1. Identify, by number, the condition in (1) modelled with pLDDT under 95; (2) under 13 Å from the mean Cα position of the chain (by Cα); (3) not charged (D, E, K, R) that Gly24 doesn't meet.
2. Which of the numbered conditions does Ala4 fail, given that it passes all the others? Conditions: (1) under 16 Å from the mean Cα position of the chain (by Cα); (2) surrounded by 10 or more Cβ atoms within 10 Å (Cβ to Cβ).
Amino acid sequence: MSAAEIAKLHFSAAIAEAEAAGVGDDSVCRSLLGLVVAKYLERRSVSDVQSELRFVAENCDPGTDFMFMRP
């Protein structure tokens, strides 16, 4: 099982559990993001984590190709 598959499995389970408990998706996503950032900060610098988050934020539009993509 790949890292992406493991993450997707647990993310889906967290969303399902939140729905069953009447907790909103946004709250769960925000909490998971906070956990990811905390885990990153155990081994990465603040500026490196900020750079990672900035990259994701700047490239989250599914309708826009990454600059390195070829036609």
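1. (2)
2. Unmet condition: (2).
The values are calculated or read from the model by the stated rules, or taken from the named source; none is laboratory data. Given the structure is predicted, the values throughout are model-derived calculations rather than measurements. Every residue, glycine among them, receives a Cβ derived from its backbone with ideal geometry; neighbour counts consider all protein chains shown.
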